[in-house]
Amino acid sequence: MRVRKHSTALVGALAVAGALVLAGCVDSAAPGGGDPSEPAAEFTPVPYEDGTTMADLAAAGEITIGTKFAQPLFGLEGPDGIPVGFDVEIGKIIAKHLGIDEANISWTNTVSQNREPFIQSGEVDLVIATYTINDARKEVISFAGPYYEAGQDILVAAGNPEGIDGPEWFQENPDATVCTVSGSTSLTNIQEYTSNVLEAADYADCLEPIRTGQAVAVTTDNVILAGLADQNPEFEVVNNPFTAEPYGIGLAKDDTEFRMWINDVLEASYADGSWAAAWESTAGAVLDLPDPPAVDRY
Ligand code: GLU
């Protein structure tokens, strides 16, 4: 994680580069032009084949997306009840490609623990919620993406009075309690170092236990911690990430057409500048613009 400097010019450059890439794609796909052995790179939003999730959602004109409501920078409930953040913007990009107006997106508050069940029950069409792609989750749902890669880190009281420098510190100090969230990879990852873990429903719920001395730290993805520290300056991030957390878009297991279509949308958003603009208008307030990761078409 890098602390933001100034990257507006870079965004502009990326947007221009994206436009050029798309223009190039269209040209090379024109009749008589380009290399026919090259895969068509341009993005075609419609028409969708009957029976696909894309066709169903486009016909309905609405979509339900699960996201976090308590994570600044990625998904935080706004005064009007609609969440704001990078994950929310990614959802809007997908809806737009389906021809769905952002006013017709139903946002459902998901915590880490209920993401897979909400997808499995059909309560949501998608989950975009700082959601790490991993094999255990792929047993029950599928993932498009990744569209961002975070890393697990540690948040401590400003000044780091305990001198916590990484997860090994908890192995060496088994009496110290660390707080994290049920149903997260953050929990399973930190359990490799300590069993003294306080579990909350949301990462924001971990701050009070530090204030009261019940816990000495919160552990989860660096970008979630950066958002919490930005809002609560009495905390700081250790800044020593110790895992890779590729963020995916959760959808119904084995809906491969929808998964591949979302991967196309993500790649188009990298090329046309909308991914970078989504970052800049949200997480970009605190964090530098990263390079988008390659999608994994498993
Ligand atoms: N990215 C991790 C996960 O999906 C931690 C963040 C979260 O709980 O949303 O479990």
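The table for this structure:
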item: The range 156-185 residues that are farther than 23 Å from Gly227 by Cβ, paired with ones that are among the hydroxyl-bearing types (Ser, Thr, Tyr) (beta carbon under 8 Å, 6 or more apart); result: Glu168/Tyr193; Gln171/Tyr193; Gln171/Thr194; Pro174/Thr194; Pro174/Ser195; Ala176/Thr194
item: Count - residues of the range 194-220 that are touching a residue at least 60 places away in the same chain (Cβ under 8 Å), within 16 Å of the ligand (Cβ to nearest atom) and of a type in the set (A, V, I, L, M, F, W, C); result: 4
item: Subset of the range 52-86 [in a strand (DSSP E or B) and either open to solvent by 20 Å² or more (accessible area, probe 1.4 Å) or closer than 22 Å to Ala276 by Cβ (or both)]; result: Thr64, Ile65, Thr67, Ala70, Gln71, Gly75, Leu76, Glu77, Pro83, Val84
item: Verdict on Glu89 being open to solvent by 60 Å² or more (accessible area, probe 1.4 Å) and either over 20 Å from Ser184 (Cα atoms) or within 13 Å of the ligand (Cβ to nearest atom) (or both); result: no
item: Strands (runs of 3 or more DSSP E) wholly inside the range 198-298 that include at least 1 residues being open to solvent by less than 20 Å² (accessible area, probe 1.4 Å), in contact with a strand residue (DSSP E or B) (Cβ under 7 Å, 6 or more places away or on another chain) and aromatic (Phe, Trp, Tyr); result: 235-237, 245-252
item: Check on Ala136, in a helix (DSSP H, G or I), within 16 Å of the ligand (Cβ to nearest atom) and surrounded by fewer than 16 Cβ atoms within 10 Å (Cβ to Cβ); result: yes
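Listed here are the residues, each with its yes/no results for (1) of a type outside the set (A, V, I, L, M, F, W, C); (2) touching a helix residue (DSSP H, G or I) at 6+ places or on another chain (Cβ under 7 Å).
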position: Ala244; (1), (2): no, no
position: Gly250; (1), (2): yes, yes
position: Phe258; (1), (2): no, yes
position: Asp264; (1), (2): yes, no
position: Glu280; (1), (2): yes, yes
position: Leu289; (1), (2): no, yes
position: Tyr298; (1), (2): yes, no
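The values are calculated or read from the model by the stated rules, or taken from the named source; none is laboratory data. Keep in mind that what you see is a predicted model, and the values were worked out from it rather than measured. In this analysis, Cβ positions are derived from the backbone assuming ideal geometry, glycine residues included, and neighbour counts consider all displayed protein chains. Just the protein is used for accessible areas: all its heavy atoms, side chains included, with ligands, DNA and RNA removed. Shrake-Rupley method; radii C 1.70, N 1.55, O 1.52, S 1.80 Å.
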